[in-house]
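Data block below; observations after.
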């Protein structure tokens, strides 16, 4: 289950983070926010990748868990920005 709205970048407090008993404060960022922060810092963006997961054998069988195969099919698990900072 997605617990946030894509356009809401305010911090979210998650109790019992990943079932470990501790809490975590997480701030979600939109793709545009990440790109704009990199551009503002002087980076040139050369590429943007959302690779499909290769090995999901470590996926938690609980569909409500942080990482589950059904979530990985619907949302990017990993995003990669290829950037260069000119001298």
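Scanning the stretch 21-33 for residues that are touching a residue at least 12 places away in the same chain (Cβ under 8 Å) and outside any loop (DSSP other than H, G, I, E, B), which turns out surrounded by the fewest Cβ atoms within 10 Å (Cβ to Cβ)?
At the first step, the residues of the stretch 21-33 found to be touching a residue at least 12 places away in the same chain (Cβ under 8 Å) are 25-31, 33.
Adding the requirement that they be outside any loop (DSSP other than H, G, I, E, B) leaves 25-26, 31, 33.
Working: 25: 9, 26: 11, 31: 13, 33: 12.
In this case the residue turns out to be 25.
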### Query
What pairs come up if the first residue lies in the stretch 8-20 and is modelled with pLDDT of 85 or more, the second is in a helix (DSSP H, G or I), and their beta carbons are under 9 Å apart, counting only those six or more places apart or on different chains?
9/33
### Task
Could you figure out which of (1) at pLDDT 70 or above; (2) under 14 Å from the mean Cα position of the chain (by Cα) isn't true of residue 67?
(1)
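Quickly run through the stretch 34-52 and pick out the residues that are surrounded by 13 or more Cβ atoms within 10 Å (Cβ to Cβ) and assigned to a helix (DSSP H, G or I). Steps first, answer last, please.
As a first pass, look at the stretch 34-52 and keep what is surrounded by 13 or more Cβ atoms within 10 Å (Cβ to Cβ): 34-35, 38, 43, 45, 48.
Selection gives 34, 35, 38.
The values are calculated or read from the model by the stated rules, or taken from the named source; none is laboratory data. Remember, predicted model here, so these are calculated numbers, not experimental data. Counting neighbours? That spans all protein chains shown, and the Cβs are built from the backbone with ideal geometry, glycine included.
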